[in-house]
Amino acid sequence: MFSRDTVARFQNLETPFYYYDLNVLDQTLMSCKAASEKFAFHVHYALKANFNEQILKAIQKSGFGADCVSGNEVKKAIEIGFDPGKVVFAGVGKSDREINEALDNNIYCFNVESVQELGVINELALKQGKQARVAIRINPNVDAHTHQYITTGLEENKFGVNQWELPACVEELKRCSNLELIGIHFHVGSQITNLDVFKSLCLKVNELNTWFLERGFDLKVLNVGGGLGVDYHHPDENAVNDFMSFFEIYDRFLERRTGQEVHFELGRALVAQCGSLISRILYVKNGLKKNFLVLDAGMTELMRPALYQAYHKIENITADSANSIVSYDVVGPICESTDCFGKEVELPESKRGDIIAIRSAGAYGEVMASGYNLRERVRSVYS
Ligand SMILES: *Cc1c(COP(=O)(O)O)cnc(C)c1O
């Protein structure tokens, strides 16, 4: 929901742009922080969801750590002011250069995704005369019940090591004198709305925590990743996630020994609802079978619908609400048929120049913008 003043402000601005409601962001961060502190859980923000500087600064100020998936994200997090002691680095394909830079910065932990990577980090740490802290990312073979393109925790996915490879990891760790195993790491997928998935994950983590203890590894950290979903259908009613219920699942089902820490890596749940993509209608095409609204924003600004068939709520924020309702396919200007934000979207009758808001676009939106068709870099505006 946008206030009259906000809509009036949009009317004076060139579109398209991302609009970030920093008030919604702050409320979300405060709610997550309060809930996590209740259980003494540690939260690292997954930078890949949104690395816009204003957003990062707000998150850093709230005291969260940073979860990075590239060397440049590690650099960015540290530049913004995240404590290197709260930076973790995951990713299935870390280059030597990225590993070296992360070692230079003394980050907290590498989340390691293969047996071979253990050996490589060990060798590079040895050359720098350092001990590298590592956690093994284990593929728990838990089905996230989310879209197949954003499921990561099944054996068929490329991420992490499978359970049958763990004895090999243990052998490798014994050989690697410049590695310190501090924990185990999991991330089963994204946009998970069924909390039972997290319960299944807890049971798996318990089993593996014991497995490692039996082999002499008293793990300090259980890192259960992120994945908490948001309500794309009700961005106003559910602007802030129910973090308490999420953390309660872990508190209830995850067994931890005295001193063992639980770490989370939340991305989407912290930033999705504070962002909207604001766009103008360029053309209205009325056909025999379909009506199209052609926007000045497309998949180059927000790729999720084209990439994952993702749903975003679409609103015409300037049409007279008394207009009759018409069904439109809402499309972008890019030369691809998948450049479509929504099919058969019911909206008040719309005209050229009306302003369209595509909601819940704060996560995996601006960060995925591309220059395809030589498009302008999308701008951002803040509340
Ligand atoms: C993407 C990612 C996250 C964050 O996922 P969300 O679904 O946005 O919470 C956390 N951990 C890892 C390793 C990731 O790759």
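The values are calculated or read from the model by the stated rules, or taken from the named source; none is laboratory data. Note that the coordinates shown come from a computational prediction; the quantities given were computed from them, not determined experimentally. For neighbour counting, all protein chains shown are included, and Cβ atoms are generated from backbone atoms with ideal geometry for every residue, glycine included. When the accessible area is computed, the model is the full protein with side chains, heavy atoms only, and any ligands, DNA or RNA have been set aside. Shrake-Rupley method; radii C 1.70, N 1.55, O 1.52, S 1.80 Å.
Here the Gaussian network model covers the chain, with springs between Cα atoms less than 10 Å apart; of Leu47, Leu195, Leu295, Leu195 fluctuates the most. Heavy-atom accessible surface of Lys75, to the nearest 10 Å², is about 80 Å², with a 1.4 Å probe and all protein chains retained. For the set Trp211, Trp164, solvent exposure ranked by accessible area (probe 1.4 Å, protein chains only) runs largest to smallest as Trp164, Trp211. Backbone amide hydrogens, once placed in the peptide plane, bring Glu261 within less than 5 Å of Val221, Leu222, excluding anything fewer than 5 places away on its chain. Simple spin-label estimate for Glu53 and Asp218 gives 4.6 nm between the two label positions (7 Å along the Cα-to-Cβ direction from each Cα). Computed FRET efficiency, Cβ-Cβ of Asp5 and Val326, R0 22 Å: what is it to the nearest 0.05? Approximately 0.20, to the nearest 0.05.
Only alpha carbons enter this Debye calculation for region 217-287, each as an equal point scatterer, and the log10 of I(q)/I(0) it gives at q = 0.17, 0.21 Å⁻¹ is -0.77, -0.97. A DSSP coil position with no more than 16 other Cβ atoms inside 10 Å describes none of the GluC sites (Glu not before Pro) in region 61-145. Using the Cα coordinates of the chain, the gyration tensor eigenvalues translate into equivalent-ellipsoid semi-axes of 41, 21, 19 Å, sorted from longest to shortest. When all protein chains stay in place and ligands, DNA and RNA are ignored, the 1.4 Å accessible-area order of Arg280, Arg304, largest first, is Arg280, Arg304. Shown in residue order for region 25-32 are the 3J(HN,Hα) couplings computed by the Karplus curve 6.51 cos²θ - 1.76 cosθ + 1.60 at θ = phi - 60°: 4, 4, 4, 5, 5, 5, 5, 5 Hz (x for Gly and Pro).
Annotation: amide H of Val326 within the under-5 Å range of Leu347, Glu349, sequence separation 5 or more or interchain, hydrogens built in the peptide plane. Could you compute the net charge surrounding Glu180? Neighbours are other residues with a C-beta less than 13 Å from the C-beta of Glu180; K and R count +1, D and E count -1. Counting the neighbours of Glu180, the net charge comes to +3. Computed from point charges on the beta carbon alone (+1 for Lys and Arg, -1 for Asp and Glu), the dipole magnitude for the chain about its Cα centre is near 420 Debye.
Karplus-derived 3J(HN,Hα) values for region 94-110, using 6.51 cos²θ - 1.76 cosθ + 1.60 with θ = phi - 60°, are 6, 7, 4, 4, 5, 5, 4, 5, 5, 5, 3, 8, 6, 5, 5, 7, 9 Hz; glycine and proline are entered as x. Each DSSP beta bridge with both residues in region 22-271 is either parallel or antiparallel, and the antiparallel ones are about 5%. Only helices enter the 222 nm calculation for the chain: every DSSP H run of n ≥ 4 contributes -39,500 (n - 2.57), and dividing by all residues gives -9000 deg cm²/dmol, rounded to 500. The slack between Trp164 and Ser383, meaning 0.36 nm per residue of separation minus the straight C-alpha distance, is 73.8 nm.
Name the residues of region 179-197 whose amide N is less than 19 Å from a point 7 angstrom out from the Cα of Glu255 along the C-beta direction? Hits in region 179-197 for Glu255 at 19 Å: 183-186.
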